[in-house]
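Student: Quick one: this structure, given as structure tokens, is what I'll be asking you about.
Since every read-out is calculated from the coordinates, none of them should be taken as a lab result. Fair warning: this is a prediction, and the values are worked out from it, not measured in the lab. Ideal geometry is used to build each Cβ from the backbone, glycine not excepted, and the neighbour counts take in all protein chains shown.
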Amino acid sequence: MQDEGLKEANEILRKAVPLMQRLNIAPTPYNYGVCYEYSSNRTPKLNKLMDATIRTLGGVPDYLTKELFHQFVIDDSQFNNEHQDKIEALIEASQKGSKEMQSSLDELDDVLKKSKRVLDRADRQKHVEKVLTYLEKGTQKAIQSTVKFNESLNVVRYEIDALKSEIEALKNNVELDPLTQHYNQKGLERYMYTWKQGAEDDLSLMLIDIDRLQGIIKQHGRRAGTSLIRYLGKLIKDANVQNSVLARVEGGTYALLVNELELSQATGLAEQLREKMSLQKIRYKDTKKEMTRLTVSIGVATLIGDESVSSLLARTRVYLENAKHRGRNRISSN
């Protein structure tokens, strides 16, 4: 940690903490993260939203700061399970620190109230010296807690910056999908061009798409949709299909390219995958109540002769659309 970075972080904290106190914003990790980012003036769109909310509501509700955190501090649509574990650990550490800080502030508030009650008494002159000593001890303890908490926030701040850099590096990898870390379409096409050279009507492609994904997102939120997309990728990956490459090409659509697999075998595999997906019951993390059922439509095609890569992709997409039009939760092939 460089001294210049630490100095800058402390300057921002000195702006963020009074802001939270002035607006009566609770000391939660999400609130600290958003107020820190706001005070840094690095994200104009966040500042504009915060200013508008403060003018309208006189503060920023907790539910909104959580959304702002995911949108402007760390976009959770870009980090994988390992990143998620790291951010959860950071939040847990921050929660512990914020609880200790809140406890210290509560104690200081209690000291101030007791001191005021003593000074309101008729014989207050007799107790001035004791009140000053009492106040000194109370404020010193609060200062120590504040310094300790600021240090822990600095660590969290640098960890967040490191995570953001790591996520940015993933986004810059031109063949990886940052949401799932599976290949993207560019990575898929590279394998298609390579495997096409030795293929003899046995290079098969499946396009696997989540049914009614937009409806699920509308009903349960964007994060539920993101989790479902990741979950589908994991289910396909866990099938351990030999000589295959998995890629997320867009939205809730995955491509599974399998080398040395003829059409009849490919349609059989697609049916197994479709059935496996249809048996999945997606539940809420907290209540375990069933949220929705996962069904997919699958288009299947096998390379024909000297067919081009773009033609195979287009043809497979037509079969996927056919599966959708025929009622979803089914496969379609040539």
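Student: Based on other C-beta atoms within 10 Å, arrange Tyr30, Tyr63, Tyr134, Tyr254 from fewest to most. List each step's numbers first, then the result.
Tutor: Numbers: Tyr30 21, Tyr63 9, Tyr134 16, Tyr254 29.
Ranking Tyr30, Tyr63, Tyr134, Tyr254 by Cβ neighbours within 10 Å, fewest first, gives Tyr63, Tyr134, Tyr30, Tyr254.
Student: I need Lys15, Lys285 ordered by Cβ neighbour count within 10 Å, fewest first. It would help to have the intermediate numbers written out before the result.
Tutor: Numbers: Lys15 14, Lys285 8.
So the residues, fewest neighbours to most, are Lys285, Lys15.
Student: Moving on to the next point. Treat the count of other C-beta atoms within 10 Å as a stand-in for reagent exposure and order His182, His127, His325, His70 from fewest to most.
Tutor: Working: His182 22, His127 14, His325 10, His70 18.
Fewest-to-most Cβ neighbours within 10 Å comes out as His325, His127, His70, His182.
Student: Under a Cβ-Cβ cut-off of 14 Å, what is the net charge of the residues other than Ala239 that fall near it, where Lys and Arg count +1 and Asp and Glu count -1?
Tutor: Values: positive: Lys234, Lys237, Arg274, Lys276; negative: Asp238, Glu271, Glu275.
It works out to a net charge of +1.
Student: Can you tell me what share of the DSSP beta bridges in the chain is antiparallel? A percent to the nearest 5 is fine. Can you show the working numbers first?
Tutor: Values: 23 of 27 bridges.
Once the DSSP bridges in the chain are tallied, antiparallel ones form about 85 percent.
Student: Using the crude model of +1 on Lys and Arg Cβ and -1 on Asp and Glu Cβ, and no other charge, please compute the dipole size for the chain relative to its Cα centre, in debye to 20. Each step should come with its number before you reach the end.
Tutor: Numbers: 51 positive and 47 negative charges, 357 e Å.
My answer is approximately 1720 debye.
Student: Compute and list, largest first, the equivalent-ellipsoid semi-axes of the chain from the alpha carbon gyration tensor, each √(5λ) rounded to a whole angstrom.
Tutor: Listed largest to smallest, the semi-axes of the chain are 57, 20, 16 Å.
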